[in-house]
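Report on the structure given below.
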Amino acid sequence: MYEIFVGILESKRETAFLCWVGQECVGFIDVSIRVDYVEGSDSSPVGFVEGIYVKDIYRKQGIAQRLVARGEKWAQSQGCTQMGSDIEQHNTVSYDFHTKVGFQEANRIICFIKDID
């Protein structure tokens with residue numbers, strides 16, 4: 001996990017923000033700048049929530065909302081006027097969170113993969 005965060009922090013198109021309570025890291029958001037098409041967007045570049053997590057016992061305290069707001073501020077500083085995100089279709093907790101912090105559902109897609117070896 002450490003190596004992943006180092007890679008994110010060394011990137012010019014991606015960053016992460018952590019939330020600390022005392023000496024404990026209780027949450028993070030990983031935000032990137034995407035220049036390829038982001039479903040539902042009408043601009044480019046677009047900030048994109050690659051991942052967000054808050055430990056269970058710290059949820060429902062506004063931490064994730066503050067992390068998203070910080071990610072949005074960073075994306076704006078990079079020239080973005082929109083933020084995107086995606087979730088697994090069955091993840092109703094994440095769906096409810098996204099709509100609560102202002103995201104609107106843009107589309108539903110089904111992804112396919114096929115081995116070709």
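Here, each number is a calculation from the coordinates, and none is a lab measurement. Quick caveat: nothing in here was measured; it's all calculated off a predicted structure. Methodologically, a virtual Cβ is constructed for each residue, glycine included, from the backbone with ideal geometry; neighbour enumeration extends over all protein chains shown.
Couple of notes before you dig in:
- Fewest-first ordering of 12, 60, 55, 114 by other beta carbons within 10 Å of each residue's beta carbon gives 114, 12, 60, 55.
- Note that the range 108-117 has calculated 3J(HN,Hα) couplings of 10, 10, 10, 9, 10, 9, 8, 6, 10, 8 Hz, one per residue in order, obtained from phi through the Karplus relation 6.51 cos²θ - 1.76 cosθ + 1.60 (θ = phi - 60°); glycine and proline are x.
- Taking other C-beta atoms within 10 angstrom as a stand-in for reagent exposure, 4, 63 fall in the order 4, 63, fewest first.
- Sequence-distant residues sharing a close amide H with residue 51 (under 5 Å, placed H): 30
- Computed over neighbours whose Cβ is under 13 Å from that of residue 6, the net charge equals -4, Lys and Arg +1, Asp and Glu -1.
- If you sort the three axes of the alpha carbon gyration tensor as a ≥ b ≥ c, you get a/c of 1.5 or more for the range 2-100 and a/b no higher than b/c, which makes it oblate.
- Placing +1 on each Lys and Arg Cβ and -1 on each Asp and Glu Cβ, with no other charges, gives the chain a dipole about its Cα centre of roughly 520 debye.
- Projection of the Cα convex hull of the range 66-117, averaged over all directions and equal to a quarter of that hull's surface, yields 5.7 nm².
- Compactness ratio for the range 39-92: Cα radius of gyration over 2.2 N^0.38 Å (N = residue count) comes to 1.26.
- For residue 61, no residue has an amide H sitting under 5 Å from its own, ignoring neighbours fewer than 5 places away on the same chain, with H placed 1.01 Å from N.
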